[in-house]
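Sharing a structure below in structure tokens format, with a few things to ask.
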Amino acid sequence: MDIPPSADVTRLLVAWSGGDASAAEQVMPLVYEELRQLSRAYLRRERGDHTLQPTALVHEAYLRLVDQTQVNWESRAHFFGIAARVMRRILVDHARRLAAAKRGAGAQRISLTEAGDIPQASGVDLLALDDALNRLTDDYPRQGKVVELKFFGVLSSSEIGEAL
């Protein structure tokens with residue numbers, strides 16, 4: 001008599017929890033398609049141009065699950081509950097990295113003094129810059145003056161200090 005797949009998965013998960021490394025390898029073929037369905041369901045709720053594909057999400061989740069050493073898998077449902085949470089975390093981490101990149105994460109930071117030595121790019125939207133500078137000056141007059149002197153006056157820090 002054949003063991004039903006869910007019972008077989010549960011048996012392997014319990015063995016995996018007990019330290020049987022080969023059980024982890026045997027689980028993947030049994031749960032792979034269900035993990036792909038779960039990942040497709042998550043990605044359907046994401047924007048259309050998402051860069052993660054269901055297969056990549058499954059593989060990343062599986063790698064994180066295999067690294068779990070303190071989990072006592074109770075059942076197939078427990079495994080899929082943890083897998084769903086891991087996939088969600090992967091998607092959230094991915095979204096955070098993209099948002100950080102849009103905000104300039106990883107960009108080289110330089111001081112205002114060093115910035116004065118960089119040639120100005122043509123194409124600066126001076127109207128937008130002026131508007132931003134006016135808003136800054138309304139809320140923070142001294143800081144607005146510093147930016148104005150640095151950007152438009154191209155003064156050094158010591159010259160700005162003397163001017164103020």
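Just to be sure, is residue 130 out of contact with any strand residue (DSSP E or B) (no Cβ under 6 Å at 6 or more places or on another chain), among the acidic types (Asp, Glu) and modelled with pLDDT of 65 or more? Walk me through it before giving the result.
Working: out of contact with any strand residue (DSSP E or B) (no Cβ under 6 Å at 6 or more places or on another chain): yes; among the acidic types (Asp, Glu): yes; modelled with pLDDT of 65 or more: yes.
When the stated conditions are applied, residue 130 passes them.
Something else now. Regarding segment 65-85, can at least one residue be identified that is farther than 30 Å from residue 14 by Cα, modelled with pLDDT of 70 or more and exposed (fewer than 14 other Cβ atoms within 10 Å of the Cβ)?
Here is the first cut: in segment 65-85, the residues farther than 30 Å from residue 14 by Cα are none.
No.
Continuing with the same structure: Of (1) more than 21 Å from the chain's Cα centre (by Cα); (2) free of Cβ contacts under 8 Å to residues at least 40 places away in the same chain; (3) assigned to a helix (DSSP H, G or I), residue 93 satisfies all except one. Which?
(1)
Go over the candidates 96, 109 one by one and state the one that is surrounded by fewer than 10 Cβ atoms within 10 Å (Cβ to Cβ) and at pLDDT below 80.
On the way: 96 fails: surrounded by fewer than 10 Cβ atoms within 10 Å (Cβ to Cβ).
When all the criteria are applied, what remains is 109.
Filtering segment 138-147 down to residues that are within 35 Å of the chain's Cα centre (by Cα) and either outside any helix (DSSP H, G or I) or surrounded by 16 or more Cβ atoms within 10 Å (Cβ to Cβ) (or both), which residue is modelled with the highest pLDDT?
By that ranking, first place goes to 140.
The values are calculated or read from the model by the stated rules, or taken from the named source; none is laboratory data. None of the values given here were measured: they were computed from a predicted structure. Note: ideal-geometry Cβ built from the backbone for every residue, glycine included; neighbour counts use all protein chains shown.
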